[in-house]
Amino acid sequence: MADGFRCGDGAAARLAALLGPWWRRLGGEPPACTLLPADALPPGVRPLLDHRGSMTLTLEAHWRGPLTVRLLAGAEEPGTLTRASVLRTADGGVPVELAVIRMALPALPADLHGALRAATIPFGRLLADRGIAFAAEPVAFFRLEADAVAAGHGAVAPGTPLHGRLNRIVTPDGVTLCEVVEIVLRA
């Protein structure tokens, strides 16, 4: 993004509030995340995180093929569906992203809710396939070291530096479809 890092609106608190409870559900303590400006992201990772497009489509282009979802945990409350998942390459099952996504169900077409609950197709792919226009609004970029949760689900060594973003997905008229933490596992 040309304007780089934006960390307003309590980005650290929002990141902790979305990531923390789900990390605990996956068996770990929430990782220490260091907020970074976009230009501090490693060169191989920055194009995967610092953009306003679909993370799914960006990763599919980078890995030259479709991605699948492995649901780790999920919960539904009135108006929201939240899930922790891993995106993997379809051809070899290589984990490429660890994500926690909180979807605003009233903002999404009702006939899409079943597919969202099934969690077999990545969120961005579902939107793209349905022709739903949206943009990413990165709120913050961060760095963390892989702990047992990230290592176990991401097939990376404990202590591996990982990078991610807190992101909002919005419609052209500014309606929030979801808020998501996206952690790139490998570039």
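Annotations
- Every residue from segment 169-187 that is surrounded by fewer than 23 Cβ atoms within 10 Å (Cβ to Cβ) and not in a strand (DSSP E or B): THR171, PRO172, ASP173, GLY174, VAL175, ARG186, ALA187
- Looking across segment 130-154, the residues that are among the small types (Gly, Ala, Ser) and more than 17 Å from the chain's Cα centre (by Cα) come down to GLY131, ALA133, ALA148, GLY152.
- Taken together, THR80, THR56 contain a single residue that is more than 18 Å from VAL45 (Cβ to Cβ) and either in contact with a strand residue (DSSP E or B) (Cβ under 6 Å, 6 or more places away or on another chain) or touching a residue at least 12 places away in the same chain (Cβ under 8 Å) (or both), which is THR80.
- Restricting VAL156, VAL184 to those that are closer than 20 Å to GLU29 by Cβ and touching a strand residue (DSSP E or B) at 6+ places or on another chain (Cβ under 8 Å) reduces the list to VAL156.
- Members of segment 102-131 that are outside any helix (DSSP H, G or I), surrounded by fewer than 15 Cβ atoms within 10 Å (Cβ to Cβ) and either small (Gly, Ala, Ser) or in contact (Cβ under 8 Å) with a residue 24 or more places away in the chain (or both): THR120, GLY131
- Restricting attention to segment 88-107, the residues that are more than 21 Å from ALA16 (Cα to Cα) and in contact with a helix residue (DSSP H, G or I) (Cβ under 7 Å, 6 or more places away or on another chain) total 4.
- A Cβ distance below 6 Å, combined with a sequence gap of six or more or placement on separate chains, defines the contacts here; from segment 147-174, residues that are over 19 Å from PRO47 (Cβ atoms) and free of Cβ contacts under 8 Å to residues at least 24 places away in the same chain reach residues that are in a strand (DSSP E or B) and of a type outside the set (Val, Ile, Thr) in the pairs GLY159/GLU145.
Here, each number is a calculation from the coordinates, and none is a lab measurement. Keep in mind it's a predicted model, so treat the numbers as computed, not measured. In this analysis, Cβ positions are derived from the backbone assuming ideal geometry, glycine residues included, and neighbour counts consider all displayed protein chains.
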